Structures are given as C-alpha cells and as structure tokens.
Amino acid sequence: MSIAENLKRLKGRIENKCRECKRDPHEIKLVAVSKNFGLPEIEEAIRCGIKDFGENRAQELLAKFEALGERVIWHFIGTLQKNKVKYAVRTAEYIHSVISKDLAEEIDKQAAKRGIVQKVLIQIKTSYEETKTGAAGKEEIKELFSYCTDAENLELVGLMTMAPFTDDENMIRKSFSDLRILQDELDPQKNILKELSMGMTSDFEIAIEEGATMLRIGFAIFGERNYK
Ligand SMILES: *Cc1c(COP(=O)(O)O)cnc(C)c1O
C-alpha cells in the first residue's frame, strides 16, 4: 500500500472514532512518525497534506530539518541526552520528551542562547514497564511541572505518555486515562496543559477515546521500518 492510501485509511479510522465518541477531529493533531524513513517518504506524506512529523533521534531530526526546513513542523519524541539538546532546540517546534528537571534546565538554557521560547511536553511514565521512560512519582512530577511553567524560555503545552506494550486493552486505557487525570490534577483549568500526546499505531483509537490531542503514528502511515 502507498503512503497516500495508508493516510486515507488512517484518517478514516480517526474520523470514525471521533464520530463515535463525539469529538471534533480538528482538535486532534496527527504527527507522522518518520524515524528511520528518508526524505522521499516524508515528501510524499507532505504532498498528502501532512505538516507535522516526529523524530526520535536528535541528529536525524537535524539532518531532515536542514533538508526540509520550514515546510515541516517537527516534533521530537525520543529520549534526549543532555549533550544532544542543542540539536533539537528550535529545530523541533515541540519537544515531547522532557523527563527530568535536569533536561528541562538544559533545554531552557539552549533556548535562551538562541533567543527563543521552546514548546515542551512532560513525558510521564504511566506504565510500570522498566523499559519505558518518563517522570514518575507525584512530587517529582509536580516539581517538574512548576519548573517548566516558570522557566523563561520554555512554554509547557502538555503531557505525553507511551502505553505499555501489551494486548491488554484495559492496561493501555489505564495508561491514557492516568495521563488525563494527571492533567486535571496539575492544571484543572487547562490553561497550560492543553495537549495530551498519546496513541501510536496499535492503540490510537483508545487514546482518542481517552482524550488525546496529538497522535504519534508511524507504522500505519509509512509501513514497516527498516532498521539499518
Ligand atoms: C516510534 C514511535 C511512535 C510511533 O509508533 P508506531 O507504532 O510506528 O505508530 C510513537 N511514539 C514514540 C515515542 C515512538 O518512538
């Protein structure tokens, strides 16, 4: 199947799910996760009307940014080491994966250096899987929330999570609903935390039901990733 056909099918599924749970599809941003895919695939998705793309490695993001520039809104969605922050700041419109105060400080510092305000999301560990990263623990999360809210060169816009890798729909749903509950606790008015970045190819329909505003989808658009 081509990227165009994949996208048509995917958009149909998103619209159906929105209709089912009475949500407006316009309040959900589709982020096409293009990691491990090249410029031709991204160009094709752009021709199909996609503007938002997600990458999980800072240098790959930078290379693609330099090739495609302003035609794309980039989202950084991967683990970010402190020494790679300089590649992601400003290159990415959104950094979804702020997991610690240390990292937030470095992003703030690099944003200040460039004279910009960097949009960020706090990544929360909502599953008990060891392999998943993210902020965990009420105090740590609150502290990170206040830091990001106050930092001069950060604009906190939401929360992000990855559901556990399982067939158990209840566990996946709990992961997403936990994120929404946390949003309500931290920012009941939703003045700051407007975005919930959750839902991938295997679980985006559950994420829509639980309030996702950003879906990060790779496989359903681009097909099998070819890791080299
Ligand atoms: C790869 C990745 C995705 C997309 O996953 P698919 O299964 O290809 O849809 C979403 N979020 C993160 C953080 C990822 O690393």
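The values are calculated or read from the model by the stated rules, or taken from the named source; none is laboratory data. Being a predicted model, the structure only gives us computed values, none of them experimental. Here the Cβ positions follow ideal geometry from the backbone for every residue, glycine too, while neighbour counts run over all protein chains shown.
Worth a mention:
- Restricting segment 67-80 to residues that are closer than 28 Å to Met162 by Cβ and without any contact (Cβ under 8 Å) to a residue 40 or more places away in the chain, the residue that is nearest to the ligand (Cβ to nearest atom): Phe76
- Selection from segment 19-36 of residues that are out of contact with any Asp or Glu (no Cβ under 7 Å at 6 or more places or on another chain) and not in a loop (DSSP other than H, G, I, E, B): Arg19, Glu20, His26, Glu27, Val33
- Unmet requirement for Gly134, which otherwise passes all of (1) out of contact with any Lys or Arg (no Cβ under 8 Å at 6 or more places or on another chain); (2) without any contact (Cβ under 8 Å) to a residue 60 or more places away in the chain: (1)
- Residues satisfying the stated conditions in segment 202-216, i.e. more than 11 Å from Met160 (Cβ to Cβ), touching a strand residue (DSSP E or B) at 6+ places or on another chain (Cβ under 6 Å) and within 10 Å of the ligand (Cβ to nearest atom): Phe204, Leu215
- From Asn170, Asn191, residue being farther than 17 Å from Ile95 by Cα, more than 20 Å from the chain's Cα centre (by Cα) and at pLDDT 95 or above: Asn170
- Residues in segment 163-183 that are within 25 Å of Asn36 (Cα to Cα) and in contact with a helix residue (DSSP H, G or I) (Cβ under 8 Å, 6 or more places away or on another chain) were compared, and the one that is nearest to the ligand (Cβ to nearest atom) is Ala163.
- Residues of segment 184-201 that turn out to be away from the ligand (no atom under 16 Å from the Cβ) and not charged (D, E, K, R), as a count: 6
- Residue in segment 155-162 that is among the β-branched types (Val, Ile, Thr) and farther than 16 Å from Lys101 by Cβ present: yes
- The number of residues in segment 18-37 being more than 14 Å from Thr201 (Cα to Cα) and either surrounded by fewer than 13 Cβ atoms within 10 Å (Cβ to Cβ) or touching a helix residue (DSSP H, G or I) at 6+ places or on another chain (Cβ under 6 Å) (or both) comes to 10.
- If the condition is being small (Gly, Ala, Ser), within 12 Å of the chain's Cα centre (by Cα) and within 14 Å of Glu169 (Cα to Cα), then segment 194-224 contributes only Gly199.
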